[in-house]
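This report concerns only the one structure given below.
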Amino acid sequence: MEQYLSVKNINKYFGDFQALNNVSFDVKEGEFVCILGPSGCGKTTLLRVIAGLESQSEGLINQNNKDISLLPPDQRDFGIVFQSYALFPNLSVKNNISFGLKTRKQNKETIDKRVDELLKLVGLSDHINKYSAQLSGGEQQRVALARALAPSPGLLLLDEPLSALDAKVRQHLRLEIKNLQRQLGVTTIMVTHDQEEALTMADRIILMNNGVIEQEGSPQDLYSKPKTAFSANFIGTTNLFKAKKISESSIEINGSALECNENIKDDLLTVTIRPEDIKISENGNEKNILNGTIKELEFLGSNIRGHIEVDFKSEKANVICNFASEYILNNNIKNNSSVRISLQPHALKVVNE
Amino acid sequence: MKKSKDDYLTIFFISIIGIYIFIALAFPMYAIFSKSVENKDGIFIGFENYQSYFSNPALVYSIYNSLFISIITMVITITLAFVFAYALTKSCMIGKSVFRSIAMIPILVPSLLSGISLIYLFGKQGIFRELMMGYEIYGPIGIIIAEVFYTFPHALLIIITALSIGDARLYEAAKVLRSKSIRTFFTVTLPSAKYGVISAAFVVFTLVITDFGIPKVIGGQFNVLAVDVYKQVIGQQNFEMGAVVSVVLIFPALLAFAVDRIVQRKQVAILTSRSVVHEPNKNKKFDLIMLMYCSIISVFILTIIGMCLYASLVTFWPYNLSLSLTNYQFDLMDGGGWDSYYNSIRMACYTAFFGTIVVFTGAYFVEKSRSIKTGRSILHLLSMMPMAIPGLVLGLAYIFFFNHPDNPLNFIYGTMAILVICTITHFYTVSHLTALTSLKQIDNEFEHVSSSLKQPFYKTFFRVTVPISLPAIFEIGIYFFVNAMTTVSAVVFLYSSKTNLASVAVLNMDDAGDIAPAAAMGMMIFYTNAAVRIIYVLVTKKILVRFQKWRTKTV
């Protein structure tokens, strides 16, 4: 696959405030890329810059081997779905979808055929003559998607498309949009603040914070190899510790010496370990074993999240662990139970602050 | 970023509307300022005119008089309107919609009609002249009563809005905390309505200080600023002095306008928070008191308008009280005859039609276009200015600007066009705000969606924005029509023998002593406006609903 869109060194200032700081990334043809980050990180600004709704202060944008940096939105090739859907309330579903088809001197039959095709695609053929006030949130969302796809744009932009929906509908539409995108092969950029959404839908995630790209990569990479404390914390749940170097393969956390499989360089560092990578030690054969007391157990269904007060050598610290519910119940582990846990050497990751 | 075709079109339209407002407002206002520092031969003389104005005690006394009646009227109107609005929003009395409709009647008639009515009620040959106990209705008493009548609905509308935004949750909290109703009133009701009341007070103040119809009709020897402008120009043909008084008149109006804008901005902040609508509870004693109060006010309003109706039908007051349509034979009197009535209808239709187009398009560009920020802010600022300019001042400014021999637009002087332009400009701001409010409720992403779909903005404008805004567009049209029918101040300097207007005819017939025909012509305006209002309600109820079926949730 070749590069379809490339964004180079984008800076965007609003007065003194820098919303985007030297942002660069590429998107391959047919790829589904998620721009993920907390509110105010600049992700929506970035999307609007790509659409031409906002002009960048500096930087270049290339789409399909054409410099579009200075083009107004109506001369760029994209379809967009907004968080509010922005369906025209006084036009029927049909007229909303055909809104972008009518200038191209296409005859009525071609347009009608295209509308039918799109409605079938999003599964709303029965609603062709309804108005948006008569549709559910999920249905409106799909109409907005069909309208954006109607002129067959080269690039599809989705601005938090699911955040106004109920949890159940959201999960369902997540899959549906992903399938649709794969089926049509349209290059897609979606902006979201919901890490679960990004992890399930994207081929590649671009994680942003404070106007800079914090990390980019596949969902698996971002989850298992976070480069920074922010990445580790924003995606999933994690434990973060300040540590000191002992040797190239061992560190000290709160006075306790621990083995670590990474190549330790700095004297002072931050390490992270995911809750599910922490194991309860039964026979004491594992490495990096520490004693602790269960302070709180949160029931999450198949899992139970334990908040454990761990006795490090010099002081106590709280650690979050995930256990299979079955295990906790079978072993009669309760609040104030004493446990031995193992911070496995391969799971301790060094991250940048 | 490169400019698209849409951007160029936007710039083009904003420029056209901008140029229109400059010609219709900015240049004439400049003309009146420069006229006030010139002598009769058009030579610059600095502030000499102002010096001679302020050394003339009779003229300066008008400033005091104007402030006096404006402040007294403001206090009375706001008090009366507040209680009335309170009854409409916070009580469970019967007949709320009837009371509301009655309270709106004064908007439908020229302000001076209430003065004429008062003459019939309390004048030298009035029905209730004994009630005056030796005092004269001609003078401050008459002016204030008539002004209260005239300004009442304006204040009422603003205060009703302010009281309606009171949050039900606060009332519930007060009740749960066992607050006494008096305390609830002072801690919950009044603070949330505060800005509305202040705003209403300034609106009333401005209306009174700039009104000249009422003091002209019933003021007697009591001079006010607005009448001075009229007398200087029409009576003495002293245009320079007219300009000076105009500038003096602008200051209090400008001040009131500025305060109102600041207060309005704070009011918006309250409105945007999502509050729950407060539904009043039944309280027999309170509801009865409110019912009595509203009845008294309504009787007062109906008496004023009823008196005019009666006077217009009486053959020869007070000697021949048999009813006839003699007074409606306008062609037999001076003042323009029936032609002036038809002229008014034409003028009101043109104003409503062109005014609505200009205002709505202007507001659309201010609110929705994404390019040229500065142009849009300037356009908005210009759109807000007419509210601060008294109609009489605007009219005089038009004489100076359009009647200037070097002005290429000189040819519209004395035509219907100048009346329409002046009236649109005079009532521009309120319509602009109505359009803006409506447009603000429409999703801003519509424009972005259509540009992503490669559609020109005007397609979205005609297919989406205009259909959605139809109720507001009709509202603006009606507002222009009704005001064009009733306005005197904006047009009294500008009409010609061919473009005489009904409202001006009322003034001139009254001036000539033909009071009964003046009342009759005033009533013609009332009938017309009332009919238009009723038709409007029917249209919105029946026909508009068909075009707006997309608003309903059911299929």
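The values are calculated or read from the model by the stated rules, or taken from the named source; none is laboratory data. Keep in mind that what you see is a predicted model, and the values were worked out from it rather than measured. Cβ atoms come from the backbone with ideal geometry, glycine included; neighbour counts cover every protein chain shown.
The table that follows gives values for the structure above.
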| item | result |
| --- | --- |
| Any hit, the range A:107-130, residues being at pLDDT below 90, facing chain B (nearest Cβ under 8 Å) and more than 22 Å from the chain's Cα centre (by Cα) | no |
| Helices (runs of 4 or more DSSP H) wholly inside the range B:411-474 that include at least 1 residues being more than 10 Å from chain A (Cβ to nearest Cβ) and under 23 Å from the mean Cα position of the chain (by Cα) | B:416-426, B:428-440 |
| Tally, over the range A:91-103, of residues that are in contact with a Ser or Thr (Cβ under 9 Å, 6 or more places away or on another chain), at the interface with another protein chain (Cβ under 9 Å from one of its Cβ atoms) and of a type outside the set (Gly, Ala, Ser) | 3 |
| Residue that is in contact (Cβ under 8 Å) with a residue 12 or more places away in the chain, more than 8 Å from chain B (Cβ to nearest Cβ) and hydrophobic (A, V, I, L, M, F, W, C), where the choices are A:Ile80, A:Ile68 | A:Ile68 |
| Scope the range B:356-399; condition over 18 Å from the mean Cα position of the chain (by Cα), farther than 18 Å from B:Phe12 by Cβ and buried (at least 24 other Cβ atoms within 10 Å of the Cβ); matching residues | B:Leu396, B:Ala397, B:Tyr398 |
| Helices (runs of 4 or more DSSP H) wholly inside the range B:130-218 that include at least 1 residues being among the basic types (Lys, Arg) | B:168-176, B:181-184, B:190-210, B:213-218 |
| Residue check for B:Gly375: assigned by TED's automatic domain parsing to the domain that holds B:Leu507, in a loop (DSSP other than H, G, I, E, B) and farther than 30 Å from B:Ser66 by Cβ | no |
| Candidate set: the range A:131-142, residues that are within 12 Å of chain B (Cβ to nearest Cβ) and of a type outside the set (S, T, N, Q); chosen: the one surrounded by the fewest Cβ atoms within 10 Å (Cβ to Cβ) | A:Ala133 |
| From the options A:Leu184, A:Leu118, A:Leu207, residue that is touching a residue at least 12 places away in the same chain (Cβ under 8 Å), out of contact with any strand residue (DSSP E or B) (no Cβ under 7 Å at 6 or more places or on another chain) and over 25 Å from A:Lys66 (Cβ atoms) | A:Leu118 |
| Extreme residue, modelled with the highest pLDDT, among residues of the range B:174-221 that are closer than 30 Å to B:Tyr138 by Cβ and aromatic (Phe, Trp, Tyr) | B:Phe205 |
| Residues within the range B:504-555 that are polar (S, T, N, Q), away from every other protein chain (no Cβ under 14 Å) and farther than 18 Å from B:Val488 by Cβ, tallied | 1 |
| Top-ranked residue in the range B:5-21 [being within 14 Å of chain A (Cβ to nearest Cβ) and out of contact with any Ser or Thr (no Cβ under 8 Å at 6 or more places or on another chain); ranked as surrounded by the most Cβ atoms within 10 Å (Cβ to Cβ)] | B:Leu9 |
| Residues within the range A:133-157 that are touching a residue at least 60 places away in the same chain (Cβ under 8 Å) and within 30 Å of A:Lys66 (Cβ to Cβ), tallied | 12 |
| Unique match (being of a type in the set (D, E, K, R), in contact with a Lys or Arg (Cβ under 6 Å, 6 or more places away or on another chain), in the same structural domain as A:Leu175 (by TED's automatic domain parsing) and surrounded by 14 or more Cβ atoms within 10 Å (Cβ to Cβ)) among A:Asp74, A:Asp116 | A:Asp74 |
| Failed item, numbered, when A:Ala257 is tested on (1) outside the structural domain of A:His172 (by TED's automatic domain parsing); (2) of a type in the set (A, V, I, L, M, F, W, C); (3) crowded, with 18+ Cβ neighbours inside 10 Å | (3) |
| Hey, B:Thr151 in contact with a helix residue (DSSP H, G or I) (Cβ under 6 Å, 6 or more places away or on another chain), of a type in the set (Val, Ile, Thr) and surrounded by fewer than 19 Cβ atoms within 10 Å (Cβ to Cβ) or not | no |
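Yes/no matrix, rows are residues, columns are (1) modelled with pLDDT of 85 or more; (2) surrounded by 15 or more Cβ atoms within 10 Å (Cβ to Cβ); (3) not assigned by TED's automatic domain parsing to the domain that holds B:Val109:
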{"position": "B:Asp287", "(1), (2), (3)": "yes, yes, no"}
{"position": "B:Tyr293", "(1), (2), (3)": "yes, yes, no"}
{"position": "B:Leu302", "(1), (2), (3)": "yes, no, no"}
{"position": "B:Met333", "(1), (2), (3)": "no, yes, yes"}
{"position": "B:Tyr341", "(1), (2), (3)": "yes, yes, yes"}
{"position": "B:Ile345", "(1), (2), (3)": "yes, yes, yes"}
{"position": "B:Cys349", "(1), (2), (3)": "yes, yes, yes"}
